[in-house]
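S.K.: Could you have a look at this structure, given as structure tokens, before my questions?
Every number here is computed from the coordinates shown, using simple stated rules; none is lab data. All figures in this text were calculated on a predicted structure; none of them were measured in a lab. Cβ sites come from the backbone with ideal geometry, for glycine too, and all protein chains shown count toward neighbours.
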Amino acid sequence: MTFSPDLFAGRHVLVVGATSGIGAGIAAAFAAHGANVLVTGASAAEIDRRSPAVGTAAVLDVRDGAAVKAVVAALPRLDIVVNCAGVIRRGEEQDPEVFADVVDINLVGMQRVCSAARGRLAERGGSIVNLASMLSFFGGGLVPAYSASKGGVAQLTKSLAIAYAADGIRVNAIAPGWIATALTAPLRDDPARGEAIRARTPLGRWGEPGDVAGAALFLASPAAAFVTGVVLPVDGGYLIS
């Protein structure tokens, strides 16, 4: 094990949007290292489908500001927030209403969580880890809303790192590369596109949720005590190739 199994013992971690995929992997990693973890999903069905390894769970639609505040207020204390809630609507995002909804969930919802958590995190000298994307750095013709929202996540992270520094709160982001999850299944199931992604990735494979989880543990740990405002690619070298 790379990190001590009790690295986050006694810490309370909120992982928003963590019933599957990368979020679930991050939540399970924090739980495996001693944290008390609460995960959220957008619906009761998502909560029911989650793995028991990801901790206790609550339904939360990040478009509902009052609900966000209520979930944060109900926690006994809060040390770490990881923002993973996100949607993608391939081929539909040119529609302004779809565009607005994707941005509301992926970007504005993240800001709602950060704003609600700020006071609780300041009490503990806590930290925030946001989920950005490769599409924080380049565009996607079929997913303009997702790309715009993830570009916004990168800038939101940098801006909040400045704004929250006086409260002792660090704010960082991870930009995952091509990770094997349900979200990327359509790409992996397409032999030509899946192989093109693998071939461009210098490390020669698709990533796994655990690859991203390791970066989240680092950014939330004392080892990153002087790290804030970073958008860290975890992409096997995809961006540099």
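S.K.: Kirkwood Rh over alpha-carbon pairs of the chain, then Stokes-Einstein at 20 °C and 1.002 mPa s: what D in µm² s⁻¹, rounded to an integer?
M.R.: Rounded to a whole number, D works out at 120 µm²/s.
S.K.: Placing +1 on the Cβ of each Lys and Arg and -1 on the Cβ of each Asp and Glu in the range 101-241, which of Gly207, Tyr164, Phe137 has its Cα farthest towards the positive end of the resulting dipole?
M.R.: Towards the positive end, the residue furthest out is Tyr164.
S.K.: With only alpha-carbon pairs counted, each pair once and no self-pairs, how large is the Kirkwood hydrodynamic radius of the range 110-151 in angstroms?
M.R.: Roughly 11.9 Å, rounded to one decimal.
S.K.: Starting from the Cα of Arg63, step 7 Å along the direction of its Cβ; do the same at Arg77; then give the gap between the two resulting points in nm.
M.R.: Going from the Arg63 label point to the Arg77 one covers 3.6 nm.
S.K.: Along the three principal axes, how long is the range 159-218 when you take its alpha carbons, biggest first, rounded to the nearest angstrom?
M.R.: 49, 19, 18
S.K.: Over the range 11-85, what lengths in whole Å, largest first, do the semi-axes of the equivalent ellipsoid take, defined as the square roots of 5 times the eigenvalues of the alpha-carbon gyration tensor?
M.R.: Equivalent ellipsoid semi-axes, largest first: 17, 15, 9 Å.
S.K.: To make sure I understand, if each residue's beta carbon is the centre and we count other beta carbons within 10 Å, what order do Cys114, Cys84 fall in, fewest to most?
M.R.: Fewest to most other Cβ atoms nearby, the residues stand as Cys114, Cys84.
S.K.: In deg cm²/dmol, rounded to 500, what helix-only [θ] at 222 nm does the chain give when every DSSP H run of at least 4 residues adds -39500 (n - 2.57) and the total is split over its residues?
M.R.: -12500 deg cm²/dmol
S.K.: Something else now. Can you check how the C-alpha radius of gyration of the range 123-241 compares to 2.2 N^0.38 Å, as a plain ratio?
M.R.: For the range 123-241, the normalised Cα radius of gyration comes out at 1.14.
S.K.: Could you pull the Cα extents of the range 77-169 along its three principal axes, largest to smallest, in whole Å?
M.R.: Answer, in whole Å and largest first: 43, 22, 16 Å.
S.K.: With a cut-off of 17 Å, note down the residues of the range 143-172 whose backbone N falls inside the zone around a label point 7 Å from the Cα of Gln94 toward its beta carbon.
M.R.: So the set is 143-148.
S.K.: Charges only on Cβ, +1 for Lys and Arg, -1 for Asp and Glu: so what's the dipole of the chain about the Cα centre, in debye to the nearest 20?
M.R.: 480 debye
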